[in-house]
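The next block holds one structure in the form of structure tokens; read it before the comments.
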Amino acid sequence: METATKHTEENKQTLKNEVVVDIDHISKSFGTNEVLTDISLKLKRGENVVVLGKSGQGKSVTIQCIVGLLTPDKGTVKVFGDDVAEMDADELKELRTMVGFLFQSGALYDSMTVRDNLEFPLTRVLKLTDRAEIDKRVEEVLDGVGLLDAIDKMPSDLSGGMRKRAGLARTMIVRPEIMLYDEPTTGLDPITSREISELILNMQKKYKTSSIIITHDMECAKITADRVVIMNEGTYIAEGSFDELKKSEDTLVRSFFNETT
Amino acid sequence: MAEQVITGYKRWLEGIGEQGVFFKNFFRNIFRGGFEWSEFVRQCYEIGYRSMLLVGITSFIMGLVLILQLRPSMLEMGAESMLPKTLAVSFIREIGPVIIAIICAGKVASGIGAELGSMKVTEQIDAMEVSGANPLQYLVVTRILATSLMIPLLTVIGDAIGLFGGYLALNFTDDISFSLYFHKCIASLEFIDLFPALVKTVFFGFAIGFVGCYKGYNSNKGTESVGLAANSAVVTASLWIFVIDAIAVQITSLLFYR
């Protein structure tokens, strides 16, 4: 019995150390504009990594490489051990059911109600047909983000914060194992930003996801990060916990923290 | 200067290549499982039903104006009784399909281009793709098939309304019964007038849907690109309609009038 418990603990530890996303020395250019020069990043299971950096440094490009929206010019991106660049269409589709992506704007389908937006991945990706099951999942995830009252509203009737919540709900409804957030609090007031950051944390705990959060919002980073990496001119310049980096002597690193501390 | 010409030529060739790939992906996605029937029906309603009033008014005026313009010349030649036949043949063979297709290129191709373009700008197409759904199947296949089906239907309705407009115009000055007018129209038409005209409208519809979808789906990620996609869709689709018409007339002549 004692051995069995020990093995379970070991398994848990191994699982926790499992690298789910492995970005290895990638670079990416658009024409003559080199956006990523040399990026390497490992995301472990259950971990929240926040990528900080000024606008136009290639943060979004990095996470778009993870889901195969963009292909790096050099280097590899492995998700659950498989190279994304070598995946065929079906493998890529399968990968995308395991990796959720929250866009900066929420990217809600504006010709559909909130309910239809949430049903879309359930019926098209998970191929669910049972009406009761679909309704249950939609209502459960909308309740989780506090938007149950807006279920039949059109995206144009929602505020910026509500759109982000609905976008998060639509991504979470397929229960992905990895979440990629592209500037989830940009354009929101400080109170709503804090609410969204806390919601990200709550959803991570509830659905046990591993996340990469792209942001330049220090409050969001403080709330959500297990580990922070700082990006500048297409490469990472510092890495550590929020509190470690806060004490850094590096001028560039300090410039991020000075605004909030 | 020479470099600019070469770059422009290269870009043009790349554009053709991209359209070829888009065409291939469209066909591949028709036969993939899970056809989006509800979206297809919605698009048929949006494209067909919502264009009906515009097509109806345009066709009515065209029929009316053609009779008013033709009458003095025909009267001069003592061929007034040939007016229903002349209108029927010219309207059903050529004027109806081309005018209706051009009207639909303005309304439908620009609408599709702008809609997909704005979906691209607001990252909705990317969101669909990264969710594991198939945006080509949902957005492109349904729209192209809907235009390919609806433009012929709109043409049939527009032709009928155009002939009715001609009947009213004829009655401004002459007195001809409704049944006699339509008997003369129908009697003057043969299979080779109706069938090729209807077949070419399927290609017109395809061109309108394809160009609208291609321009919108491949627009850049800036707000100005939405306008560019809509504008470019109308111009290119209109041009394609004339090219297809010219080819269709040649084929019809070779097959039926030798």
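Here, each number is a calculation from the coordinates, and none is a lab measurement. Small disclaimer: the values here were computed from a predicted structure and weren't measured. Every residue, glycine among them, receives a Cβ derived from its backbone with ideal geometry; neighbour counts consider all protein chains shown.
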Under a crude label model (7 Å from the Cα following the beta-carbon direction), how far is A:SER159 from A:ILE191 in nanometres? 0.7
Anyone know which of A:PRO72, A:PRO176, A:PRO190 comes out most mobile in the 10 Å Cα GNM of chain A? A:PRO190
One finds the C-alpha centres of the range B:234-258 and the range A:87-105 to be spaced, in Å, by 43
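Would you kindly state how much longer the chain becomes between B:GLU14 and B:ASN171 on full extension, computed as 0.36 nm times their sequence separation minus their alpha carbon distance, in nm to one decimal?
Details: separation 157, 0.36 × 157 = 56.52 nm, distance 5.54 nm.
Full-extension gain reported as 51.0 nm.
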Label-point separation (nm) for B:SER81 and A:THR235, each offset 7 Å from Cα along Cα-to-Cβ? 9.3
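Show me the helices of chain B, taken as full DSSP H stretches, that run 30 Å or more along their long axis by Cα and average 1.0 or above in Kyte-Doolittle hydropathy.
Numbers: long enough: B:2-30 (42 Å, -0.24); B:52-76 (36 Å, 1.63); B:142-173 (47 Å, 1.32); B:191-217 (39 Å, 1.27); B:223-256 (49 Å, 1.47).
Both cut-offs are met by B:52-76, B:142-173, B:191-217, B:223-256.
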Cα to Cα, under 18 Å, and not fewer than 8 places away if on the same chain: which aspartates and glutamates meet these conditions relative to A:LYS246? A:ASP217, A:GLU219, A:ASP226, A:GLU259
Comparing B:TYR138, B:TYR49, B:TYR167, which has the greatest mean-square fluctuation in the GNM of chain B with Cα pairs linked when under 10 Å apart? B:TYR49
Cα-Cα P(r), the protein assembly as shown, percent of pairs per 10 Å interval: 4, 15, 22, 20, 15, 10, 7, 4, 2, 1, 0, 0
Rounded to one decimal in Å, the inverse mean reciprocal Cα-Cα distance for the range B:127-258, i.e. its Kirkwood radius, is 17.8
Three principal axis lengths of the range A:71-192 [C-alpha, angstrom, descending]: 45, 40, 24
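Go ahead and estimate [θ] at 222 nm for chain A from helices alone: -39,500 (n - 2.57) per DSSP H run with n ≥ 4, summed, over the residue count, rounded to 500.
-13000 deg cm²/dmol
Give, rounded to the nearest 20 debye, the magnitude of the charge dipole that the protein assembly as shown has about its Cα centre when Lys and Arg contribute +1 at Cβ and Asp and Glu contribute -1 at Cβ. The partial results should precede the final answer.
Values: 52 positive and 65 negative charges, 146 e Å.
Result for the protein assembly as shown is approximately 700 debye, rounded to the nearest 20.
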Any lysines whose Cα falls less than 29 Å from that of B:LYS107, other than same-chain ones fewer than 8 residues away, would be A:LYS153, B:LYS24, B:LYS120, B:LYS200, B:LYS215, B:LYS221
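Rg/Rh for chain A: what does it come to with C-alpha atoms and Rh from Kirkwood?
Working: Rg = 18.9 Å, Rh = 19.4 Å.
Expressed as Rg/Rh, it is 0.98.
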Of the candidates B:GLU39, B:GLU14, B:GLU123, which one comes out as most mobile in a Gaussian network treatment of chain B with C-alpha springs shorter than 10 Å? B:GLU14
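Give me the dipole magnitude in Debye, nearest 20, for the range A:47-258 about the Cα centre, with unit charges on the beta carbon: positive for Lys and Arg, negative for Asp and Glu. Walk me through the intermediate numbers first.
Details: 27 positive and 36 negative charges, 50 e Å.
Taking the Cα centre of the range A:47-258 as origin, the dipole is about 240 debye.
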Please list log₁₀ I(q)/I(0) at q = 0.08, 0.10, 0.11, 0.15 Å⁻¹ for chain B, using the Debye equation with identical point scatterers on the alpha-carbon positions. -0.39, -0.58, -0.68, -1.04
So for chain A, averaging the separation of alpha carbon pairs under 8 Å that are six or more residues apart and normalising by length, what relative contact order in percent results? 24
